[in-house]
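The next block holds one structure in the form of structure tokens; read it before the comments.
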Amino acid sequence: MTKNSDSETTPWMRRKVLQTTAAGLLTGTAISVGSTPISAEEDETDADDETETDDKEEDEASEEEEEATTCDGSPSMSRTSVTTPNSRITTEDPAVVEANFRPDQMISDDCTIIVDLEFSFTDAGFQWGGGAEWDQATSDLVVGTFEVRPGEVRDIRAELHTQGAEAGDSVTVVADYELWFEGNPEESVQQSGIRHTIEVEEPNPAPEESEDDDESTVDGVPGFGVPGALAGLSGAGYILKRRLTGD
């Protein structure tokens, strides 16, 4: 009987074990299948977050590049020249020395270029008078700082008169300039020793000003005030020297 009982019980128990095992497998499979979409959704969310973060970083980088100054380095110019539109002094007109500056068209509109310009000469018998608003002026030197922006052409001129020189005399004018972006003078472009010769056809002294004008223009306008007085003395000495030497 014991053998029969064991033989009958064993198949039943095996079926129970198989059923339990099958049920466990089905349940595990269902859980696994059910959890897969959640995992996939999490992966998609993470990928979307990473994409949005990358896009945001790229946008911020682009904005920073736009905000970054483009006015670094030395300014490039499409035109720089120093000319003498009128190289002869006549009774009607003084000689004119002119500097022209035009920034390169690729320079940002937000950039301002500073021009530091100087006209000078060493010959006696002449004086500056008229032209641009110079920061510093004496009989033989004018110095000024000017601004020029992209799209502009800046013409800066000075008029040269006689102050004792006579017909047939001449003077050599020397121009020096320096260019830099506003706020960045360390990276400038310099040009010096540009020379032009002015001939005297007929004397043309600088116009005389009233006492009020003399007082208001002592420091700013070439050829007047104290510098004008010094120029007058220099001119008188020049004439006396010429007469004594017989030139």
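We did not get these values from a lab; they are worked out from the coordinates using the rules stated. Note that this is a predicted model, so its numbers are computed, not measured. Cβ placement follows ideal geometry from the backbone for every residue including glycine, while neighbour counts extend to all protein chains displayed.
Taking label positions 7 Å along the Cα-Cβ direction at both E147 and Q105, the computed distance is 2.5 nm, reported to one decimal. Residues whose amide H lies under 5 Å from that of S81, counting only those 5 or more places away or on a different chain, are N100; hydrogens are built 1.01 Å from N in the peptide plane. Count Lys and Arg as plus one, Asp and Glu as minus one, and take only other residues whose Cβ is under 9 Å from that of I114; the net charge is then -4. Of the GluC sites (Glu not before Pro) found in the range 143-213, the ones in coil according to DSSP and having at most 15 other Cβ atoms within 10 Å of their Cβ are E152, E166, E182, E186, E187, E201, E208. Taken one residue at a time, the phi angles of the range 98-104 give Karplus couplings (6.51, -1.76, 1.60, θ = phi - 60°) of 9, 10, 10, 9, 9, x, 4 Hz. Gly and Pro are set to x.
Each Lys or Arg adds one and each Asp or Glu subtracts one; over the other residues with Cβ under 11 Å from the Cβ of A167, this totals -4. The slack in the chain from D72 to E178, taken as 0.36 nm per residue of separation less the alpha-carbon distance, amounts to 36.6 nm.
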